[in-house]
Amino acid sequence: MAATKPMTVPGIKARKGGTPIVSLTAYDYPTANAIDDLVDFMLVGDSLGMVVHGLPTTQGVTMDMMIMHGQAVMRGARRALVVVDMPFGSFEESRELACRNAVRLMKETGCAAVKLEGGQEMAETIRFMVERGIPVLAHVGLMPQKVAMMGGFKTQGRKSEMAIKVMADAKAVTDAGAFAAVIEGTVEPLAREITETIAIPTIGIGASPACDGQILVVNDMIGLASDYMPKFVKRYAESSDTIRAAVTAYAEDVRARRFPGPEHCFGMPQGA
Ligand code: KIV
């Protein structure tokens, strides 16, 4: 049963080891409006580049795209915390640039926090941002913005040197002050060990139930999918099929001239 008090950053952080944190991505007003009371936080993920805009990767996503979608989600959010992703190119260059762009995301959308991908190499930036009042959700393990460097979407932690790196990344972002960390595409023993080791909640995506919470790309789990569908996604609905069935029925009505006339539209009085 969802609580009614608005979710806060400290509230999410305090859920470490407690009731699992429920989160989903959201990219628009109707979705935010529909799921607001069912989730603890909504992430305006840069996955929107792929699942909403049809881009091949998240690398083409811009600050302006994140702001527009962030504003739409904020209009539908009443209780859930809203976190907006920092897109590729908006934070890596320097901690000052990261701070400036995070402040812009927060001011122009009204979101409570930002997320950025990166481990040890981003720790100094995360610390700089947190010290200046910007709550940061970290993201380690598989990092989609680095998909070209990684040679594709590959599960992390199968080899010991990779496992050591992901653990060190998780510890570094925790020490830097992140309030929680997304752990993506990571084998269960490593996700479990990280969850047992770090003091902040781990939010898994393709990283096993051992995490403190879970996140999924909403379009994937409702079956409104792009061409790429990760294997770990459980589909709870087949929305593409529902849309196709509705449009098929509509097309049949139009072709059979069974379409309602103006007397049924916009509440016009009969015979007007
Ligand atoms: O962009 C995104 O949607 C994400 C989630 C997959 C965690 O980063």
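Filtered by the rule that a residue be within 11 Å of the ligand (Cβ to nearest atom) and either among the hydrophobic types (A, V, I, L, M, F, W, C) or within 11 Å of the chain's Cα centre (by Cα) (or both), region 205-218 gives ILE205, ALA207, GLN214, ILE215, LEU216, VAL217, VAL218.
Please enumerate the residues belonging to region 85-110 that are within 14 Å of the ligand (Cβ to nearest atom) and in a loop (DSSP other than H, G, I, E, B).
Within region 85-110, the first condition is being within 14 Å of the ligand (Cβ to nearest atom), and the residues that meet it are 85-88, 90-91, 105.
Answer for region 85-110, where residues must be within 14 Å of the ligand (Cβ to nearest atom) and in a loop (DSSP other than H, G, I, E, B): MET86, PRO87, PHE88, SER90, PHE91.
Restricting attention to region 9-38, and to residues there that are closer than 20 Å to GLY49 by Cβ and of a type outside the set (A, V, I, L, M), which single residue is surrounded by the fewest Cβ atoms within 10 Å (Cβ to Cβ)? Quick ask: steps written out before the conclusion?
Just the residues of region 9-38 that are closer than 20 Å to GLY49 by Cβ, to begin with: 23-32.
Retained after the next criterion (residues that are of a type outside the set (A, V, I, L, M)): 23, 25, 27-31.
On the way: SER23: 27, THR25: 28, TYR27: 25, ASP28: 17, TYR29: 16, PRO30: 11, THR31: 20.
Once the filter is applied, the top-ranked residue is PRO30.
If I ask for residues that are in contact (Cβ under 8 Å) with a residue 12 or more places away in the chain, surrounded by fewer than 17 Cβ atoms within 10 Å (Cβ to Cβ) and not in a helix (DSSP H, G or I), which ones from region 154-171 would you list?
Residues satisfying the conditions are LYS154, ARG158.
Checked against (1) more than 21 Å from ALA26 (Cα to Cα); (2) not in a loop (DSSP other than H, G, I, E, B), ALA178 passes all but a single condition, namely (2).
Return the residues of region 102-121 that are closer than 28 Å to ALA168 by Cβ and either crowded, with 23+ Cβ neighbours inside 10 Å or not assigned by TED's automatic domain parsing to the domain that holds PHE179 (or both); say none if nothing qualifies. Answer for region 102-121, where residues must be closer than 28 Å to ALA168 by Cβ and either crowded, with 23+ Cβ neighbours inside 10 Å or not assigned by TED's automatic domain parsing to the domain that holds PHE179 (or both): ALA102, LEU105, ALA113, VAL114, LYS115, LEU116, GLU117, GLY119. Per the listing THR19, THR8, THR25, the residue uniquely away from the ligand (no atom under 12 Å from the Cβ) and closer than 20 Å to ILE205 by Cβ is THR19. Scanning region 39-68 for residues that are assigned to a loop (DSSP other than H, G, I, E, B) and of a type in the set (D, E, K, R), which turns out surrounded by the fewest Cβ atoms within 10 Å (Cβ to Cβ)? Ranking the qualifying residues of region 39-68, first place goes to ASP40.
The values are calculated or read from the model by the stated rules, or taken from the named source; none is laboratory data. Since the model is a prediction, treat every value here as computed from it, not as a measurement. All Cβ positions, even for glycine, are placed from backbone atoms using ideal geometry, and neighbour counts span all protein chains on display.
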